[in-house]
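Below: the structure, in structure tokens.
Each reported figure results from applying straightforward, stated rules to the coordinates on display, with no laboratory input. Computed from a predicted structure; not experimentally measured. Here the Cβ positions follow ideal geometry from the backbone for every residue, glycine too, while neighbour counts run over all protein chains shown.
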Amino acid sequence: MDMNEQEKSLAFDNTINNLGRVTSIISLGLMLAVPLIVTVVYKITVNAGEIAGVAGGLIAMFAPMAVVENISYYPIIGAGGVYLSCITGNIMNMKLPSAISGMKLAQVEPGSPKGDVISIISIAVSSFVTVIILMFSMFIIGEYITPYLSKPVLAPAFANIMPALLGALVTPFVIKSVKLSVTPFAISILLCIFLGGAFVQRYQSYFLPGVMLLSVLAAYGMFKSGMLDKK
């Protein structure tokens, strides 16, 4: 990448970050406006102490995961993809798979300037498609398909949507970098064996930074020892 391309890439990143901050603040304001307006219009009494007590536990549980997830998503979908995904939601189930599929179809590498652009486009299209499908389902076919979707025979399928998606997303990366995948998989399996899967899942936001750090250190050690390609 020559100097001119680097300057263009830097200008693009700055624009995306500035736009992302502004749109995130606007979106957060709109989200908070709904309960605020309902509270004012219907004159609902709000107990700040109770809200702080409930919010404190949720923040302690989800804040570390939110930070770690954004850090882990950034190298794959770029800054624009992270901003857009966080605003529209449903990252793991919808936005991340869409971005990865878009980059594969466009034959661009995640983390590259072209990959970031394709990621933004893919996530934006996914968001529009999601909204259209939701509106179509709610107003037209929702009442007809809901009884079938709620049948007990389909419950196992819905309970395993996340593992199925994660498996489909992770497998190509594992095949591409088998040596780099050994450490995080080994640590995760050992944690589940000795601490229990339910415990690890409950406190995954605290385990994930440690697993990431150990994986990076292991990758650096393999790189220095010549186990990895130094190209």
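Over the stretch 153-231, what portion of Cα pair distances is larger than 22 Å, expressed as a whole percent? Before the final figure, lay out each step's value.
Working: 1136 of 3081 pairs.
Result for the distance tail: 37 percent.
Tell me the trypsin sites (Lys or Arg not before Pro) within the stretch 1-45 that lie in a loop according to DSSP and have at most 10 other beta-carbon atoms within 10 Å.
Counting only loop positions with at most 10 other Cβ atoms within 10 Å, the trypsin sites (Lys or Arg not before Pro) in the stretch 1-45 are 43.
Calculate the spin-label point distance for residue 52 paired with residue 33, positioning each point 7 Å from the Cα along the beta-carbon direction, and give it in nanometres.
Modelled inter-label distance: 2.8 nm.
Using just the Cα positions, wrap the stretch 23-73 in a convex hull and report its mean projected area in square nanometres, one decimal place.
Numbers: hull surface 18.4 nm².
Taking a quarter of the hull surface, the average projection is 4.6 nm².
Which entries of 104/224; 104/176; 95/151; 8/95; 114/176 have Cα-Cα distances beyond 24 Å here? Numbers along the way, then the final one.
On the way: 104/224 30 Å; 104/176 14 Å; 95/151 27 Å; 8/95 26 Å; 114/176 21 Å.
In this structure, 104/224; 95/151; 8/95 exceed 24 Å between Cα atoms.
Could you grab the relative contact order for the chain? Cα pairs under 8 Å, six or more apart, rounded to a whole percent. Don't skip to the end; give the middle numbers.
Working: 128 pairs, mean separation 40.5, N = 231.
18 percent.
Among 84, 149, 96, whose mean-square fluctuation peaks in a Gaussian network model of the chain (Cα, cutoff 10 Å)?
Highest fluctuation among the options: 149.
Which distance in Å, rounded to a whole number, links the C-alpha centroids of the stretch 9-88 and the stretch 158-180?
So the two Cα centres are separated by 27 Å.
Computed from the mean reciprocal separation of all distinct C-alpha pairs, what Kirkwood hydrodynamic radius does the stretch 24-159 have, in Å? Kindly include the intermediate steps, with their values, before the conclusion.
Details: mean 1/r = 0.0557 Å⁻¹.
About 17.9 Å for the stretch 24-159.
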